[in-house]
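Notes follow once the structure below has been shown.
The values are calculated or read from the model by the stated rules, or taken from the named source; none is laboratory data. Small disclaimer: the values here were computed from a predicted structure and weren't measured. FYI the Cβ positions are ideal-geometry reconstructions off the backbone, even for glycines, and counts take in every protein chain you see.
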Amino acid sequence: MEIRAEKYNIIYDQDNAVVLCSGALLLNGAKEYEPILQLLNTAASGQKENLIIDLCNLKFLNSSGINMVTRFIINVFDVEALEIDLIIKGQKKVAWQEKLLKNLQRLAPNLTVQLS
């Protein structure tokens with residue numbers, strides 16, 4: 001399952017339980033982010049043990065995108081209460097990734113954050 005656009009790609013590799021995000025996500029509002037949120041929710045509900053969200057190649061994510069990721073985390077841990085280990089990977093050298101991932105970990109202490 002994947003979403004490809006001119007400036008970004010979101011690829012869900014079900015066999016390896018990984019969602020790879022790359023490019024720059026500069027969509028306008030929650031409505032434009034809805035297909036990506038649906039992909040993430042499908043990925044999370046389709047896994048039995050863990051799911052990795054890899055943001056390492058995502059260069060930019062605007063505030064609407066940050067809101068979408070936050071909604072996804074809340075859905076996984078609070079609404080669906082899925083019994084999976086969710087791991088989000090990012091890079092320390094990308095300031096917004098480090099800040100976002102640390103804030104998400106405060107929101108959901110069961111979230112595993114890997115910053116390289």
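Checked against (1) under 22 Å from residue 3 (Cα atoms); (2) touching a strand residue (DSSP E or B) at 6+ places or on another chain (Cβ under 9 Å); (3) assigned to a helix (DSSP H, G or I), residue 30 meets all criteria but (2).
Residue by residue, here is whether (1) over 18 Å from residue 12 (Cα atoms); (2) at pLDDT 95 or above; (3) among the charged types (D, E, K, R) holds:
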site	(1), (2), (3)
55	no, yes, no
73	no, no, no
76	no, no, no
85	no, no, yes
88	no, yes, no
100	yes, yes, no
107	yes, no, no
110	yes, no, no
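Scanning segment 59-115 for residues that are β-branched (Val, Ile, Thr), assigned to a helix (DSSP H, G or I), touching a residue at least 24 places away in the same chain (Cβ under 8 Å) and closer than 15 Å to residue 41 by Cα gives 69, 70, 73, 74, 76. All told, residue 93 falls short of being charged (D, E, K, R) and either within 19 Å of residue 16 (Cβ to Cβ) or buried (at least 16 other Cβ atoms within 10 Å of the Cβ) (or both).
Once segment 24-46 is narrowed to residues that are buried (at least 17 other Cβ atoms within 10 Å of the Cβ) and of a type outside the set (A, V, I, L, M, F, W, C), the residue that is nearest to residue 59 (Cα to Cα) is 33.
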